[in-house]
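Structure first, commentary second.
The values are calculated or read from the model by the stated rules, or taken from the named source; none is laboratory data. Keep in mind that this is a model prediction, so the values were computed, not measured. Using ideal geometry, Cβ is built from the backbone for each residue, glycine included, and neighbour counts are taken over all protein chains shown. Note: accessible area is taken over every heavy atom of the protein model, side chains too, but ligands, DNA and RNA are not part of it. Shrake-Rupley method; radii C 1.70, N 1.55, O 1.52, S 1.80 Å.
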Amino acid sequence: GDDKPCLYTGQLMACARERGKMPEKVPWEGVVNIIYQWLFRNRHSVHHLSTEASLPYQPCPRTVAETHKQMALHAAVLTVALLGSYCGAPPADPSSYDLKNYDVDSDTWDSYGELYDYDDLDEEIEVGTLAPPPSVTQPPSPVVHKHSTQEVTLPPSPTMPAVPPTLDFLGPGLFGPGTGLGMPTCLLCVCISGSVYCDDADLTQVPPLPKETTHFYARFNKLTEVKSKDFLNLNQLKRIDLTGNQISALDEDAFRSLPQLQDLLLADNSLQALPELPDTMRHIDVRNNRLRSAGMHREAFKEMKDLQFLYLSDNQLDYIPVPLPDSLRVLHLQNNNIQSLNQDTFCNSHDINYVRKALEDIRLDSNPVDISRYTQAYVCLPRLPVGSPY
């Protein structure tokens with residue numbers, strides 16, 4: 001019923017509006033209602049607030065009306081206190097703020113984007129250089145209309161004269177000697193320790209080999225000949241396998257100068273003659289060639305004290321190349337043109353006690369010879385040769 005608080009509250013609101021801190025329309029009814037509800041929920045402890053405001057406090061009002069009246073009074077006091085502190089603040093003066101140091105305006109942001117060149121971020125930085133290379137300004141491309149045609153003359157491309165590949169026998173490099181085919185031997189072939197594998201590599205010549213080569217394989221290529229310089233100074237070479245080529249000619253000194261050569265495999269070629277071989281041979285394989293008896297040296301295998309395997313099948317031999325070393329274990333002569341044997345072919349007619357213990361595999365089948373007619377030629381053998389009466 002007292003309108004003085006309301007009058008005072010209205011004066012405070014006008015004061016706040018004059019100072020520019022209060023909007024024209026404030027929902028004060030809602031504010032007072034919130035404060036009132038809070039005071040009602042905390043009515044048992046509101047005496048502390050009333051004491052500070054120097055208002056009378058009745059701890060236990062007898063009626064609900066009295067309680068509501070007291071709570072309304074408290075709400076009015078709190079509203080007055082809040083508005084007084086709000087109006088007591090200094091007036092807001094926009095000129096008192098240092099806008100230049102506080103923030104930048106929109107014009108500054110726009111100019112900042114123009115000053116910074118973001119295109120510099122697209123340049124690639126090359127590792128290992130102090131600065132990126134200067135960019136080259138390309139002339140603008142000519143504008144070509146949609147329906148127009150233009151003739152362009154391209155410059156002639158340089159042509160190099162065709163040079164046939166040749167083998168190079170110069171000094172060895174990191175991957176072995178150069179082959180003249182665009183890469184060294186150990187990239188054209190496979191080099192593992194002392195072994196060089198050049199199988200099925202379309203070779204037409206023997207490539208230069210490293211000095212430490214011990215085993216050389218060049219099977220199923222297109223070799224047609226073997227020259228004396230192909231294996232020159234390869235003093236550690238022990239095995240040569242040239243099976244499945246087209247070799248028809250061998251230089252006389254192609255293998256003779258190899259001091260450690262033990263295995264020579266020349267099967268499936270077109271050989272008609274066999275050159276002189278070193279005495280260190282253990283395994284000779286010249287099957288399926290065109291080898292003739294006239295193309296072999298007289299007593300070609302006599303001094304080979306370590307020879308164990310001799311394969312001469314599928315050739316055109318007319319007789320067995322004697323004398324044969326005692327170390328021989330396997331002798332294959334099938335599919336030749338052998339027509340006769342003699343008593344000393346395998347045995348020694350001057351020594352009736354002579355026994356050839358090592359020779360256990362003799363093949364004479366498919367030859368025009370009747371092995372039953374030469375029984376004295378087998379008396380020193382542990383096993384009879386394989387053959388049939390002609």
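Quick check: anything in region 302-320 among the basic types (Lys, Arg), at pLDDT 95 or above and farther than 27 Å from PHE231 by Cα?
no
For (1) open to solvent by 50 Å² or more (accessible area, probe 1.4 Å); (2) part of a loop (DSSP other than H, G, I, E, B), each residue gets a yes or a no:
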site	(1), (2)
MET304	no, yes
LEU310	no, no
SER327	no, yes
THR345	no, yes
ILE362	no, no
GLN376	yes, no
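Surrounded by fewer than 19 Cβ atoms within 10 Å (Cβ to Cβ), part of a loop (DSSP other than H, G, I, E, B) and on the phi > 0 side of the Ramachandran plot: which single residue out of SER340, SER349, SER366, SER388 fits that description?
SER366
Mind counting the residues in region 264-279 that are of a type outside the set (Gly, Ala, Ser) and either in contact (Cβ under 8 Å) with a residue 60 or more places away in the chain or within 17 Å of PRO321 (Cα to Cα) (or both)?
Number of matching residues: 8.
How about region 336-356: which of its residues are of a type in the set (Ser, Thr, Tyr) and touching a helix residue (DSSP H, G or I) at 6+ places or on another chain (Cβ under 7 Å)?
The one that is of a type in the set (Ser, Thr, Tyr) and touching a helix residue (DSSP H, G or I) at 6+ places or on another chain (Cβ under 7 Å): THR345.
Check off (1) in contact (Cβ under 8 Å) with a residue 24 or more places away in the chain; (2) touching a Pro at 6+ places or on another chain (Cβ under 8 Å) for ASP318 and give me the number that stays unchecked.
Of everything listed in (1) in contact (Cβ under 8 Å) with a residue 24 or more places away in the chain; (2) touching a Pro at 6+ places or on another chain (Cβ under 8 Å), ASP318 misses just condition (2).
Mind counting the residues in region 312-325 that are among the hydrophobic types (A, V, I, L, M, F, W, C) and open to solvent by 30 Å² or more (accessible area, probe 1.4 Å)?
Within region 312-325, residues that are among the hydrophobic types (A, V, I, L, M, F, W, C) and open to solvent by 30 Å² or more (accessible area, probe 1.4 Å) number 1.
With the condition kept exactly as written, say whether any residue in region 215-225 is within 21 Å of LEU328 (Cα to Cα) and in contact with a strand residue (DSSP E or B) (Cβ under 8 Å, 6 or more places away or on another chain).
no
State which residue is surrounded by the fewest Cβ atoms within 10 Å (Cβ to Cβ) when the search covers only region 281-292 and only residues that are farther than 14 Å from GLU303 by Cβ and of a type outside the set (S, T, N, Q).
This residue is ARG290.
Only residues that are in a loop (DSSP other than H, G, I, E, B) and surrounded by 15 or more Cβ atoms within 10 Å (Cβ to Cβ): list them for region 293-302, please.
Result: MET296, ALA300, PHE301, LYS302.
Please work out if GLN334 is open to solvent by 60 Å² or more (accessible area, probe 1.4 Å), closer than 14 Å to ILE320 by Cα and at pLDDT 90 or above.
no
Would you confirm, using the coordinates I've provided, whether ASP326 is more than 60 Å from the chain's Cα centre (by Cα) and of a type in the set (D, E, K, R)?
The answer is no for ASP326.
Filter region 210-234 down to residues that are on the phi > 0 side of the Ramachandran plot and either of a type in the set (Asp, Glu) or in contact with a Gly (Cβ under 6 Å, 6 or more places away or on another chain) (or both), then give me how many there are.
1
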